[in-house]
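The values are calculated or read from the model by the stated rules, or taken from the named source; none is laboratory data. For clarity, every value in this text was computed on a predicted model and none was experimentally measured. Ideal geometry is used to build each Cβ from the backbone, glycine not excepted, and the neighbour counts take in all protein chains shown.
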Amino acid sequence: MDLDQIIIHLNEIAVSLKGIANAVDLELRFGLVTGMVFGVLMQRARVLRYDRQLAALRFQDFTILKFMMSAIIVGMIGTYFLLDQGLVKLSIKPTILGGTITGGVLFGVGWALLGYCPGTSMGALGEGRVDAFWGILGAVVGAALYAEMYPYLQDTLLKMHDYGKITIPELLGVNHWIVVAGVTVIFLLSFMLMEKKGL
């Protein structure tokens, strides 16, 4: 499918959402549209396929890693551009290693067992892959358990190694564009290496 066909599909999606869009406010509409565009891009990049997910976890195919790195580059540049223009404010969450490391381990184990991460499981279900439903159900159950355990976690795990609201540029004491440029260069060099090795 070429770029013209993708644009035609996106226009069809936009037309079908016109009625819904009138019922919700601008922020929700923007989130819905950008989420759908991201979903279309994930589908076109074929990162929703179980075999791609498994190959990524086995370090045999880095398509998903390249897709995520591309999204990070675009997101960093877009976010900091909008911040510099005064159009957005950053909502920095505290860096709490206890919760972050525990959540990362649970996320990784769930991804390895299911073969989908939360975003790709939704896209895979949209493509008709019913096995992704169990991961989505697991995420809902996990969220409910977290909500029930929150009062206990709030005083224990969610206070372990709390470094407050920090960003990498603040931590390094440099302008955010230096970090954006550095990460972009590292990612682009990584792309070239992966392509050279056929990953």
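Could you tell me which residue of the stretch 105-129 is nearest to residue 40 (Cα to Cα), considering only residues that are assigned to a helix (DSSP H, G or I) and in contact with a Gly (Cβ under 6 Å, 6 or more places away or on another chain)? Please lay out each step first, then the result.
Step one: list which residues in the stretch 105-129 are assigned to a helix (DSSP H, G or I), which gives 105-114, 118-126.
Retained after the next criterion (residues that are in contact with a Gly (Cβ under 6 Å, 6 or more places away or on another chain)): 114, 121, 123.
Values: 114: 22, 121: 14, 123: 9 Å.
My answer is 123.
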Discussion item. Tally up the residues in the stretch 40-97 that are more than 22 Å from residue 183 (Cα to Cα), assigned to a helix (DSSP H, G or I) and of a type in the set (Gly, Ala, Ser), please.
Written reply: 1
Item to complete: Tell me which of these residue 30 doesn't satisfy, since it passes every other one: (1) of a type in the set (A, V, I, L, M, F, W, C); (2) more than 28 Å from residue 170 (Cβ to Cβ); (3) at pLDDT below 80.
Response: (2)
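Residues are listed down the side, and each one gets a yes or a no for (1) loosely packed, with under 12 Cβ neighbours inside 10 Å; (2) without any contact (Cβ under 8 Å) to a residue 40 or more places away in the chain; (3) in contact with a strand residue (DSSP E or B) (Cβ under 8 Å, 6 or more places away or on another chain):
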| position | (1), (2), (3) |
| --- | --- |
| 159 | no, no, yes |
| 164 | yes, no, no |
| 173 | yes, yes, no |
| 180 | no, no, no |
| 184 | no, no, no |
| 189 | yes, yes, no |
| 197 | yes, yes, no |
Discussion item. What's the total number of residues in the stretch 110-129 that are farther than 17 Å from residue 65 by Cα and not small (Gly, Ala, Ser)?
Written reply: 6
Worksheet, complete the sentence: Of (1) assigned to a helix (DSSP H, G or I); (2) modelled with pLDDT under 90; (3) among the polar types (S, T, N, Q), residue 102 satisfies every one except (2)
Worksheet item: Just a yes or no: is a residue in the stretch 119-127 closer than 30 Å to residue 171 by Cβ and of a type outside the set (Asp, Glu)?
Response: yes
Discussion item. Please go through the stretch 29-54 and give me each residue that is closer than 15 Å to residue 120 by Cβ, out of contact with any helix residue (DSSP H, G or I) (no Cβ under 7 Å at 6 or more places or on another chain) and either of a type in the set (A, V, I, L, M) or loosely packed, with under 15 Cβ neighbours inside 10 Å (or both), ordered by number.
Written reply: 35, 38, 41, 51, 54
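Would it be correct to say that residue 132 is among the small types (Gly, Ala, Ser), within 26 Å of residue 70 (Cβ to Cβ) and touching a Leu at 6+ places or on another chain (Cβ under 7 Å)? Can you show your working first?
On the way: among the small types (Gly, Ala, Ser): yes; within 26 Å of residue 70 (Cβ to Cβ): yes; touching a Leu at 6+ places or on another chain (Cβ under 7 Å): yes.
Yes.
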